[in-house]
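The values are calculated or read from the model by the stated rules, or taken from the named source; none is laboratory data. All of these numbers come straight from a predicted model, not from anything done at the bench. Note that we place each Cβ from the backbone using ideal geometry, even for glycine, and neighbour counts take in every protein chain shown.
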Amino acid sequence: MARRGTSRNSGKTDLDARKATILEAVVAEHIDTAQPVGSSAVAQHADLGVSPATVRNEMVSLERGGYLAQPHTSAGRIPTDKGYRYFVDHLQSGELKAAQQYQLRDFFSGVRGEVEEVLERTSALLAQLSGYTSVIVGTTATHSTVLSVQLVNLERRHQLLVTVFSDGTVLKHSVVTTEDIEYATCLEASAQLNALLIGTTLESRVQVPSRSDSVSHLIAEAVSVLHAERPTREDEKVFIGGASKVAEVFDGVETVRQVLSILEEELLVVSLVEDMLDRGVSVAIGSEHGYAPLSSAAVVVAPVHVDGVAAGAVGLIGPTRMKYQEVMAAATAVSKNLARHFEGGASAD
């Protein structure tokens, strides 16, 4: 599927103060009502001190500039993707409401379990906080540091390598040797592996011993097996929260079907999120992300950094008339708390 990159501020044009206020009023009103917005409503709520006729003229000008559209001749105006983009680019940072902050702290102070379980539960939390469908692209052990390594002597020529990472991931690999390995050799190799690997990642270059003894051979085999673990985009885990909300927030059966079809394609979801992050885009509106089935959608993403390394992302998918300030605040707060959780820190607001 073809994709087209759009930077967050590409083509950004400043409007004069009155036009900007009118545009923001139209966007805010349309987000709340899902209906075309007339000049009288704008004049009443925007506190411009001008007549509806003046507001109408400015709205016509905004329509000519591509910021607004008129779905029907007798109707008011609705924002275009360009109009939403201007609105988002000029938004002030928002924050979660007190009740949401409490819910977030309560969740992360008590959540436990394997990485996948935590991510799955977090996706449900994010959907609850925002009211939209959430997407979490799972962290991988590639970016996490090794906490401990153990070789278990299952049989004389069969060892089990158990590696625990800082994000909670546990990897298990079979190490098969061509010579018999004694228990004491396995124990010594485990100790040396810990000294060699703790604090490194799967992408780190590790200098293995070049000696010809059994311990060194076993260490070399274990490192080789472990570093063959190279997760790719196909290996990234995707967790969808609140998929049922698609039917609640999108208009039209066909639009709902198209959005759900995208969510079912994990590789497309990973590509969409990672492409946005690669371009430094936190919000993609309508056609900006280049995925035709999501032309009626907006996507908000926030990266998750574990120990200073990009290790996943959280996102939200909703209609272009989503509540951007609230959604961006929710995504940012969850991404920060998720990172702190995997780093072993306390939850943040």
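General remarks:
- For region 92-105, the criterion of being crowded, with 19+ Cβ neighbours inside 10 Å, closer than 20 Å to Gly312 by Cα, hydrophobic (A, V, I, L, M, F, W, C) and touching a Ser or Thr at 6+ places or on another chain (Cβ under 9 Å) is satisfied by at least one residue.
- For region 212-220, the count of residues that are surrounded by fewer than 14 Cβ atoms within 10 Å (Cβ to Cβ) and over 22 Å from the mean Cα position of the chain (by Cα) is nonzero.
- Unique residue being surrounded by fewer than 17 Cβ atoms within 10 Å (Cβ to Cβ) and either of a type outside the set (Ser, Thr, Tyr) or in the same structural domain as Val314 (by TED's automatic domain parsing) (or both) when the list is Glu254, Glu288: Glu254
- Some residue of region 54-70 being acidic (Asp, Glu) and either closer than 16 Å to Leu15 by Cα or crowded, with 18+ Cβ neighbours inside 10 Å (or both): yes
- Close pairs (6 angstrom Cβ cut-off, 6 or more residues apart or separate chains): under 21 Å from Ile240 (Cβ atoms) in region 280-301, among the basic types (Lys, Arg) anywhere: Val281/Arg8; Ile285/Arg85; Gly290/Arg3; Gly290/Arg4
- Residue, modelled with the highest pLDDT, within region 34-70, restricted to residues that are assigned to a helix (DSSP H, G or I) and among the β-branched types (Val, Ile, Thr): Val60
- Filtering region 260-275 for residues that are in the same structural domain as Leu126 (by TED's automatic domain parsing) and at positive phi leaves an empty set.
- Matching entry among Tyr102, Tyr132 (being on the phi < 0 side of the Ramachandran plot, in the same structural domain as Leu272 (by TED's automatic domain parsing) and free of Cβ contacts under 8 Å to residues at least 12 places away in the same chain): Tyr102
- Residue in region 200-214 that is in contact with an Asp or Glu (Cβ under 8 Å, 6 or more places away or on another chain) and modelled with pLDDT under 85 present: yes
- Among the candidates Val301, Val327, Val314, residue that is at pLDDT 90 or above, part of a helix (DSSP H, G or I) and not assigned by TED's automatic domain parsing to the domain that holds Leu23: Val327
- Filtering region 295-317 to residues that are crowded, with 23+ Cβ neighbours inside 10 Å and more than 16 Å from His341 (Cβ to Cβ) leaves Ala297, Ala298, Val299, Val300, Val301, Gly315, Leu316, Ile317.
- Of residues in region 72-101 being of a type in the set (D, E, K, R) and part of a helix (DSSP H, G or I), the one nearest to Gly290 (Cα to Cα): Asp81
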